[in-house]
1. If Ser165 satisfies every condition in (1) touching a helix residue (DSSP H, G or I) at 6+ places or on another chain (Cβ under 9 Å); (2) within 27 Å of Gly16 (Cβ to Cβ); (3) among the small types (Gly, Ala, Ser) but one, which is the exception?
2. Residues in segment 219-233 that are over 19 Å from the mean Cα position of the chain (by Cα) and among the aliphatic types (A, V, I, L, M): how many?
3. Any residue at all in segment 235-247 that is in a helix (DSSP H, G or I), within 15 Å of the ligand (Cβ to nearest atom) and in contact with a helix residue (DSSP H, G or I) (Cβ under 7 Å, 6 or more places away or on another chain)?
4. Given the condition within 17 Å of Phe256 (Cα to Cα) and in contact with a Ser or Thr (Cβ under 6 Å, 6 or more places away or on another chain), answer yes or no: does some residue in segment 141-150 qualify?
5. In segment 25-58, what residues are under 18 Å from Arg275 (Cβ atoms) and among the hydrophobic types (A, V, I, L, M, F, W, C)?
6. Just checking, how many residues over segment 38-53 are open to solvent by less than 10 Å² (accessible area, probe 1.4 Å) and not polar (S, T, N, Q)?
7. Exactly one condition in (1) in contact (Cβ under 8 Å) with a residue 12 or more places away in the chain; (2) touching a Leu at 6+ places or on another chain (Cβ under 9 Å) is false for Leu15; which is it?
8. Out of segment 134-164, which residues are part of a loop (DSSP other than H, G, I, E, B) and either within 15 Å of the ligand (Cβ to nearest atom) or among the acidic types (Asp, Glu) (or both)?
Amino acid sequence: MKKRVTKAIFPVAGLGTRFLPATKSVPKEIMTLVDRPLIQYAIDEAREAGIKEFIFVTSRGKSALEDYFDHSPELEAKLRRDGKTELLEALEDTYMDSGAIAYMRQHKPLGLGHAVWCARRLIGDEPFAVILPDDVISAEKSCLSQMVEAHAETGGCMVAAMEVSQQKTSSYGILDLKEDHGSIVSVKGMVEKPKAGTAPSNLAVIGRYILTPDVLKNLNKIEAGAGGEVQLTDAIAAEINHDRGVFGYRFRGERFDCGSKAGFLQATVAFGLAREELGDEFGQYLSEMVAMRSAAQ
Ligand code: G1P
């Protein structure tokens, strides 16, 4: 019987320098889309996909992230006294079952592959997920749930994938396709951040992965790759000719690059408009702004 995917690693050790000065004292994963921190979107997605154990790879200065998942007895008592049931309910999603959450420290910023490797002892002999909270994906059925379903058929390693423009391929892991079956593609090569003009396709890896424990073994061996960092892409690529191989999954949904300012703003607009209590007022404001801008041009 196939093993279910019940563990997810969340690499959250990055410094978030693109958002300085905000990230001088606030971890970037705590930055807020409407009223939920980025990390909450990642957790919600993992839960929907059936994840039961949440492993955070953190670094110095991330204590706000750990506190976020704690109970806050004074706050709860006050909300209860004041009869603020809706707000109490809003806190529900931030709670974790005891023992369901683990923190592993990445002591040196040696790359995404190294961050995932730091969690190796918490992963047994079963496939596991990796979620990069910078990539926020809005979808009817969450991206990771879609992947868990597809993975039940393919086995092996699976990465979320999306077409990007040719100019942007150098910012991503890029897939070299063997067979294209529409939503599922089999992969014959993977390259991290290829130099301009050398990308094997424009199908990019997006931050959702379902990986076999063999990838962790590969991470024991591989050397630093693109950018002088230990790359997860390289450790996955080493699985291409082994066992079940590597697959890309073209998910249904819209992905926002919340690791960039423009992407974060776009996500704020999209999630703000999608909120029942905000959508009308916010939408009207945006239309007025757009009309004013075009009149001024
Ligand atoms: C990471 C991965 C890259 C992937 C990207 C998706 O890069 O290394 O393969 O395409 O996430 O967001 P980063 O954006 O952390 O440099």
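1. With (1) touching a helix residue (DSSP H, G or I) at 6+ places or on another chain (Cβ under 9 Å); (2) within 27 Å of Gly16 (Cβ to Cβ); (3) among the small types (Gly, Ala, Ser) applied to Ser165, the lone miss is (1).
2. 4
3. So in segment 235-247, the residues in a helix (DSSP H, G or I) come out as 235-237.
From the residues that got through so far, the ones that are within 15 Å of the ligand (Cβ to nearest atom) too are 235-237.
With in contact with a helix residue (DSSP H, G or I) (Cβ under 7 Å, 6 or more places away or on another chain) added as a condition, the list becomes 235-236.
Checked against the condition, which is being in a helix (DSSP H, G or I), within 15 Å of the ligand (Cβ to nearest atom) and in contact with a helix residue (DSSP H, G or I) (Cβ under 7 Å, 6 or more places away or on another chain), segment 235-247 yields at least one hit.
4. Let us first name the residues in segment 141-150 that are within 17 Å of Phe256 (Cα to Cα), namely 141-144.
Going one step further and asking which of them are in contact with a Ser or Thr (Cβ under 6 Å, 6 or more places away or on another chain), we end up with none.
Scanning segment 141-150 turns up no residue that is within 17 Å of Phe256 (Cα to Cα) and in contact with a Ser or Thr (Cβ under 6 Å, 6 or more places away or on another chain).
5. Answer for segment 25-58, where residues must be under 18 Å from Arg275 (Cβ atoms) and among the hydrophobic types (A, V, I, L, M, F, W, C): Met31, Leu33, Val34, Leu38.
6. Number of matching residues: 6.
7. Single failed check for Leu15: (2).
8. Looking only at segment 134-164, we keep the residues that are part of a loop (DSSP other than H, G, I, E, B), and these are 134, 139-142, 155-156, 164.
Of everything in segment 134-164, those that are part of a loop (DSSP other than H, G, I, E, B) and either within 15 Å of the ligand (Cβ to nearest atom) or among the acidic types (Asp, Glu) (or both) turn out to be Asp134, Glu140, Val164.
The values are calculated or read from the model by the stated rules, or taken from the named source; none is laboratory data. As the structure is a prediction and not an experimental result, all values here were calculated from the model. FYI the Cβ positions are ideal-geometry reconstructions off the backbone, even for glycines, and counts take in every protein chain you see. Protein only, heavy atoms only, side chains kept; ligands, DNA and RNA dropped before computing areas. Shrake-Rupley method; radii C 1.70, N 1.55, O 1.52, S 1.80 Å.
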